[in-house]
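Have a look at the structure below before the remarks.
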Amino acid sequence: MQAPRAVILTGERGAGKTMLCLALAALSPRYTGLVSPPMFVGAGNRIGFSARCLATGEEWVLGRSDTELDGPRFGQFSFSSAGFDRAVNCLRGILTPSSISPGTAPQSVVIVDEIGPLELEQGAGLAPVLPLLAGAGHLLLVVRPSLAGRVEALV
């Protein structure tokens, strides 16, 4: 069995971090976790983010710039409290040791897309699952370049 590793995937907005995570998940069921694909309207204008639980395939609205939602705000985006609750529950189900059965086929790689200022500076968003990352096994964490060091300290 390979020792657990955490890989931090970083890059500027639009670099393709989420698309890489989606491509990996499409290649193998070994990749699980949560991805946050952008939502577009018209000719490629990004208006928000959805959340997709890779374990269930469910997708829902996480944040939007064109509608006021009931959760925290960051920059131009308003986020959904219910959307974050679902995202946290998705990740808890994957990261909780009791949900991992011994002897299962290849170790999974848990994707968390993304850990950002909302979590690290405001204690909101996916912040409730951050303590679970340290002992979670193989991780692929999407992080803004300026926050990579802080996320590295978590895992």
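Of all the residues in region 1-13, those that are part of a strand (DSSP E or B) and open to solvent by less than 40 Å² (accessible area, probe 1.4 Å) number 1.
Only residues that are part of a loop (DSSP other than H, G, I, E, B) and closer than 26 Å to Thr96 by Cα: list them for region 14-41, please. Quick ask: steps written out before the conclusion?
Our first condition is that a residue be part of a loop (DSSP other than H, G, I, E, B); within region 14-41, this holds for 14-16, 28-30, 36-37.
Across region 14-41, the qualifying residues are Ser28, Pro29, Arg30, Ser36, Pro37.
Note on region 111-153: residues that are of a type in the set (Gly, Ala, Ser) and either open to solvent by 60 Å² or more (accessible area, probe 1.4 Å) or touching a Gly at 6+ places or on another chain (Cβ under 8 Å) (or both) amount to 7. In the set (1) in contact with a Cys (Cβ under 6 Å, 6 or more places away or on another chain); (2) open to solvent by 60 Å² or more (accessible area, probe 1.4 Å), Gly75 fails one condition alone, (1).
If you go through region 107-145 and keep only what is in contact with a helix residue (DSSP H, G or I) (Cβ under 9 Å, 6 or more places away or on another chain) and of a type in the set (Gly, Ala, Ser), you end up with Ser108, Gly116, Ala124, Gly125, Ala127, Ala134, Gly135, Ala136, Gly137. The helices (runs of 4 or more DSSP H) falling completely within region 42-155 include none with 2 or more residues that are of a type in the set (Asp, Glu). Kindly indicate whether any position in region 31-45 is more than 17 Å from Val151 (Cβ to Cβ), surrounded by fewer than 16 Cβ atoms within 10 Å (Cβ to Cβ), out of contact with any Pro (no Cβ under 6 Å at 6 or more places or on another chain) and of a type in the set (A, V, I, L, M). Yes, region 31-45 contains a residue that is more than 17 Å from Val151 (Cβ to Cβ), surrounded by fewer than 16 Cβ atoms within 10 Å (Cβ to Cβ), out of contact with any Pro (no Cβ under 6 Å at 6 or more places or on another chain) and of a type in the set (A, V, I, L, M).
The values are calculated or read from the model by the stated rules, or taken from the named source; none is laboratory data. As the structure is a computational prediction, the values presented were derived from the model and not from experiment. Positions of Cβ are backbone-derived with ideal geometry, glycine not excepted, and every protein chain shown enters the neighbour counts. The area values use the complete protein model at the heavy-atom level, side chains included, leaving out ligands, DNA and RNA. Shrake-Rupley method; radii C 1.70, N 1.55, O 1.52, S 1.80 Å.
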